[in-house]
Amino acid sequence: MAELESRRAEIHYDEIECKSALNPVKGMGFNWSLNPYVGCEHRCAFCYVRAYELRADRPHDDGYGRTIRVKTNVAQVLRCELAKRSWKKETVVIGAATDPYQPAEGRFKLTRKCLEALRDFSNPAGLITRGPMIVRDIDVLTELAKRADLGVTFSIPTIDMDVWRKTEPGTAPPQQRLRAIEKLTTAGIDVGVGMAPILPGLSDRPELLEQVVKAARAAGATGLWAGMLHLKDGTREHFMSVLARHWPELVPRYEQAYRDRAYLPPAFGEKTMREVAWLRSRHGVSDRRRVILKPPPEPEQLTLLN
């Protein structure tokens, strides 16, 4: 077996100050994102952020995730932005570009501080993570969920241990993420599973898809969505090198499927998406929380004004 990438790589933390905390977003289903860190220690082989790092002339291959820029003042800046009269209390999604619960969070606690700010301003929020460290912040999350809409997405592309080890070298095992989902949903928090990216020829076999869906259901996930792998320049080169190292027999298939394009043609992924939809329905992945945390309804006068 080819040598696996070290799961405990030497990481350098570069502490910086940011001028803004909220980032406008287009084409992602939400309008605002927040990332307390730049760079991600998880170093997933398929991470789409590698493409942005390439454009910024920063390491996007094996060097990606070795230096983490830590926005030490991000929570203070966020509070100032949330306090502006022009701010319309739109949903803020944390973790769209870097995982808010990567190992750096254990040391710097910036995600927790940002959640506290969102709680204090009763601002809707979303979280995207692969990090079970999130259970540390159940107290803040439950308080926030009582004041504003809150949704958490746990990324679990596969629970196949071989595929996980080789493509997500810095992440916690899928089983730990599933246990975190169970704790969060038991507390009343809305937590779904993002089954993405699904890797052609590796994690798209029906029995592997069903494993994830069944595990998500057993953990109490409130929903599940899926998406196929896409490979933009920056991500493509690194992912293909990982593929060549561990699954060289699949290289020709990927070269053909992703030839001159970042996204799979619909014909390549439609069957998998239909399979996931069928499995989700068959196993009843839906909101089954006994305790449901949600903000109180708006006063009638405010509703009439809107």
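What follows draws every value from the coordinates through simple rules; no lab data is involved. Note that the structure is predicted; figures quoted are calculated from it, not measured. Every residue, glycine among them, receives a Cβ derived from its backbone with ideal geometry; neighbour counts consider all protein chains shown.
What to note about this one:
- What the Cβ-Cβ distance of residue 298 and residue 183 gives, at R0 = 30 Å and to the nearest 0.05, is a FRET efficiency of 0.50.
- Antiparallel bridges, percent of DSSP beta bridges restricted to the chain (to nearest 5): 15
- Electrostatic bookkeeping for residue 278 treats Lys and Arg as +1 and Asp and Glu as -1; over the other residues with beta carbon under 12 Å from its beta carbon, the sum is +2.
- For the options 188, 65, 201, a Gaussian network treatment of the chain with springs between C-alpha atoms closer than 10 Å singles out 201 as fluctuating the most.
- Dipole magnitude (debye, nearest 20) for region 175-261, charges at Cβ of Lys, Arg, Asp, Glu: 160
- Taking the Cα centre of the chain as origin and assigning +1 to Lys and Arg Cβ atoms and -1 to Asp and Glu Cβ atoms, the resulting dipole is close to 600 debye.
- In this structure, the residue pairs whose Cα-Cα separation is over 24 Å, taken from 19/294; 109/183; 19/113; 109/232, are 19/294; 109/232.
- Rounded to 0.05, the FRET efficiency of the residue 277 and residue 165 pair, given R0 = 30 Å and the Cβ-Cβ distance, is 0.60.
- Two-site label geometry, residue 291 and residue 83: point separation in nm, points 7 Å out along Cα→Cβ: 3.3
- Unit charges at the beta carbon, dipole of region 1-150: most positive-side option, 32, 122, 76: 122
- Taking 7 Å steps out from each Cα toward its Cβ at residue 138 and residue 13 produces label points 2.5 nm apart.
- Cα principal axis extents for the chain, largest first, Å: 63, 47, 33
- Think of region 166-209 as a dipole: +1 on every Lys or Arg Cβ, -1 on every Asp or Glu Cβ, centred on the Cα centre; then among 193, 180, 206, 180 lies furthest on the positive end.
- Along each principal axis, taking the top coordinate minus the bottom one, the Cα set of region 44-96 gives 43, 21, 18 Å in descending order.
- With Cα atoms, 0 to 90° folded angle of helix 174-186 axis to the chain main axis: 20
- FRET efficiency for the residue 251 to residue 26 pair, using the beta carbon distance and R₀ = 30 Å, is estimated at 0.35.
- Among 132, 197, 265, the residue with the largest mean-square fluctuation in a Gaussian network model of the chain, with springs joining Cα atoms closer than 10 Å, is 265.
- Rh by Kirkwood over Cα pairs, then Stokes-Einstein D for region 171-217 at 0.890 mPa s and 25 °C, µm²/s: 209
- Backbone N under 16 Å from the residue 261 label point (7 Å along Cα→Cβ), restricted to region 176-209: 200
- Taking Cα atoms only, the orientation of helix 110-120 departs from the longest principal axis of the chain by about 40 degrees.
- Using C-alpha pairs under 8 Å with a sequence gap of at least 6, the mean separation divided by the residue count of region 67-165 gives a relative contact order of 28 percent.
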